[in-house]
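Student: Sending over a structure as structure tokens; questions will come in a sec.
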Amino acid sequence: MSQNNFLKYYKKLNSEQKEAVNHSEGKLLLVAGAGSGKTSVLTTRIARLINEGVGPEKILAITFTNKAANEMMIRAKNLEPKSAYSTITTFHGLALQLLKKYGEAISLAFPLEVVDPQENKALITKATKKILKSLNFDVKAFNQNFEFKKPLTQQNIVKCIEIILENADMKTFVDEQMFDIYSVSSSYFTDSKFFIEKINTIVKRHDCQTFPNEAINAFFNTQTKVVKNILYFYFQSKNTVDEYGKVNQSILTFEDLQIYLYMLFKANPEIGNEISEKYEYIHVDEYQDTSLLQSELIHELQEVHGNLFIVGDPDQAIYQWRGASIENILTLKEKYPDLIQKELKTNYRSKKEIVNFANTLIKKNVNRIDKLSKANDERQRSNTIVYKKFHNGYGEADHIIDEIKRVSLFDHNYKRFCVMYRNKELSTILERQLFEENIPYRKLNGSNTSINERVEAKEMLAFMTLLINPESVKSYERIANKPAKGITPKLIESIEEESQNSKITFTQAAFKMQEENSSKGLNNFTELISLVQIYSGLLHSSSQESPSEIVFSLAKDSGYLNYNLETMMENLSDRKKLLLLNDFNSFLYLKEEEKVLTAYYLSLLQKYEYDDELQSYNALEILESFVEKQELDDTDGQDSKARETKDNKVTFTTIHSAKGLEFEYIYMIGMEQGIFPKEDAISNAFQGKLQLMEEERNVMYVGITRAMKKLTISHVDERVIYGKKEYYEPSQFIKEMGLEIPQEEGMWNV
């Protein structure tokens, strides 16, 4: 059956795609233009390899998001069911998987906990407060010694440290081969010029008025010791050390996962060899978005067999601002002289005129691989690209609404339309008018909160984490005082200090303090700890209870479930609340309007327990797998469901959030010089620094190539942003595309 599926699908591929699919040994760079069917090529190649006798477990495919990895796995399994045994994952997913197996070799120890950016920020804040206090650093006194436009605050310092950690150049880790994370705080972060440069770059990029530049510069110039200590304590606080100095718990960010994996390869060549030996055929998608660190990880992975299938397009490199290095793909031939390069040129998404204008624009970039896409449909059409000029945002909004109403007059099919922009502030007027016209819309630019970012979800994950690891301090911090029991953050902090001073575990410290100086808060906390330990023991034993039942019981007996029902489900009758408290399965039968995330998470976990691929897992392994899946959620602040185009709503999105999507009708608003391209890209280009401008052009290229049938581009003479009216010239990209700019308010059609 799988052979038939594979052959049937293979026959539909064009000659370029078949040539790529048939590549077997050695290294290949497949330069895949927008809409060229790269995922089809990747999945068909995986199916072909398995059909020809390659063990599926020897195949690795890496991409950037869980959504992309899941889609690739589904499509690969449809072509060849054995693909389920291949590793199709993200960089951080692969890193976590390998560190769980080999992490002890670099002093990592279980349980590993992955923290999200918010939780990581809390660790930075904790470290900053502790060090400023211990070093007697007086922020007020510091401000008196300097004349600042704005005084330096503790919040400024926390934000600066956060920025440094987020924007650190990972090339340092690669070039200097730093294996000990603690050495980072004493050598990598000692250069005050680095701090100042990074902070000023970020401040300028975000036009942020909250950073007092002079204060920050002075702070980093005169207080390097303070900063080093903050960073050292930050790294230390992510690792719990026992009385013998051994790490017995490690807290890792997504970036940490990849850094530690690189350390593993470099510090333990024999383990690196074992990993590389396992993966005979390696595929990497969206290579233009890789960081220097990720590029080195890929190099280590392919070291034994050397079979590397890389897919990417420098014209779609739009993430350099968050660490991606376009040089990785541009210099690939220098790194691997035996590399073969092939191209996918046929665009199956967009009409001919759209493809041609995108080509005209992107040819202006210097740092790219020379290629020209061509449309699959070569027929000439009119009104495929429309360029409009308006006096202000109201005229722009009126035109878009009128067209949406006209095109959808009979079928009301709103999901075909997308409003796209470089700056999310541009959408305000149009959103308001769509609302007034009762036209449904949704936003994909980060305004939708991911399920896993919501408080109730984090609380349920905390209960699950405690069952796996009863020593998880961050999990206790999240749920210990819900409902209120006198378990304050200060109390938990004092227990942490006792744990570190006495070199005992966190829970041992809590019981020790209770014996020495009992209090209501301590009594309630040790009672909760005892409850956690009982149910954790049940999970770790060969109990017949399912993970979802154990989680339910802990949440109920701790008082959290009743608290949750009272605060989140006020509309439920007392009778129904009582039923929910006593019958776990009743959560699954709530009406849609009655459901909250507690019910959602319990039902999600219960469904997960019946996954065919988990049938050999015990209760602990199932819960660990589920928690790992949720911790590695990467929807960038968006519910994954919100990214699907099934909802019958007009889509509002930044161009970055639209990558990977397509729409029949796209309205690209805000095509004004200084907005798109951004002002810093323009000023850099005047100085001969082209990187920012070329990335802006890439962003424009990505936006254009999301359109299937029609693209409408518009600019206005005056626009109000952040409450301030500004006058604008048309974006330079309009002329670079080959469009003519009308002198008066009007329209130019292609």
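Please treat every number below as a calculation from the coordinates, not as lab data. As the structure is a computational prediction, the values presented were derived from the model and not from experiment. Quick reminder, even Gly has a Cβ in these numbers, built from the backbone with ideal geometry, and neighbours come from all protein chains shown.
Student: Could you work out, for region 309-432, what percent of all Cα-Cα pairs fall into each 5 Å distance bin, beginning at 0 Å and stopping at the bin that holds the largest distance?
Tutor: In order of increasing distance, the bins hold 2, 7, 12, 15, 15, 16, 12, 9, 5, 3, 2, 0 percent.
Student: Within 10 Å of each candidate Cβ there may be at most 12 other Cβ atoms; applying that plus a DSSP loop requirement, which GluC sites (Glu not before Pro) in region 19-53 survive?
Tutor: For GluC sites (Glu not before Pro) across region 19-53 that sit outside H, G, I, E and B with at most 12 neighbouring Cβ atoms in 10 Å, the list reads GLU25, GLU52.
Student: Mind listing the phi-derived Karplus ³J(HN,Hα) values for region 504-511, rounded to whole Hz, using 6.51, -1.76 and 1.60 with θ = phi - 60°, and x for any glycine or proline?
Tutor: Along region 504-511, the couplings run 10, 5, 4, 5, 4, 5, 4, 5 Hz.
Student: How about region 673-737: which chymotrypsin sites (Phe, Trp or Tyr not before Pro) there lie in a loop by DSSP and see at most 14 other Cβ atoms within 10 Å? Don't jump to the answer; show the numbers that get you there.
Tutor: On the way: sites: PHE686, TYR701, TYR722, TYR727, TYR728, PHE733; in loops: TYR722, TYR728.
When the chymotrypsin sites (Phe, Trp or Tyr not before Pro) of region 673-737 are filtered for loop state and at most 14 Cβ neighbours within 10 Å, TYR722 remain.
Student: Using only the Cα atoms of region 1-128, each taken as one equal point scatterer with no solvent, compute I(q) by the Debye sum, divide by I(0), and report log10 of the ratio at q = 0.19, 0.23 Å⁻¹.
Tutor: For region 1-128 at q = 0.19, 0.23 Å⁻¹, log10 I(q)/I(0) is -1.07, -1.41.
Student: A further question follows. At a Förster distance of 56 Å, what's the computed FRET efficiency of TRP321 paired with ASP138, Cβ-Cβ distance as r, to 0.05?
Tutor: Computed FRET efficiency for TRP321 and ASP138: 0.95.
Student: Could you sort 619-630, 394-405 so that the peptide with the highest average Cβ count within 10 Å comes first and the rest follow in order? Show your work: numbers first, answer last.
Tutor: Values: 619-630: 18.9, 394-405: 17.2.
In decreasing order of mean packing, 619-630, 394-405 become 619-630, 394-405.
Student: Still on this model: Highest first, please rank the peptides 12-18, 33-39 by the mean number of other Cβ atoms sitting within 10 Å of their residues.
Tutor: Peptide ranking by packing, descending: 33-39, 12-18.
Student: With no solvent and one point on each alpha carbon, what is the Debye value of log10 I(q)/I(0) for region 56-151 at q = 0.21, 0.22, 0.24 Å⁻¹?
Tutor: So the normalised log intensities work out to -1.10, -1.14, -1.20.
Student: I'd like the Karplus ³J(HN,Hα) series for region 109-115: coefficients 6.51, -1.76, 1.60, θ = phi - 60°, whole numbers in Hz, and an x wherever there's a Gly or Pro.
Tutor: Working through the residues one at a time gives 9, 7, x, 7, 10, 9, 10 Hz.
Student: Hey, another quick one. So how do 480-493, 301-314 stack up, highest first, on mean other-Cβ count within 10 Å?
Tutor: My ranking of the peptides, most packed first, is 301-314, 480-493.
Student: Another question, if that's okay. Amide H of GLN341 versus every other amide H placed in the peptide plane: which residues, excluding those fewer than 5 positions away on the same chain, fall under 5 Å?
Tutor: Here LEU29 satisfy the definition.
Student: Find how much the distance from LYS725 to THR331 grows on full extension, using 0.36 nm per residue of separation minus their present alpha carbon separation; answer in nm with one decimal.
Tutor: 137.4 nm
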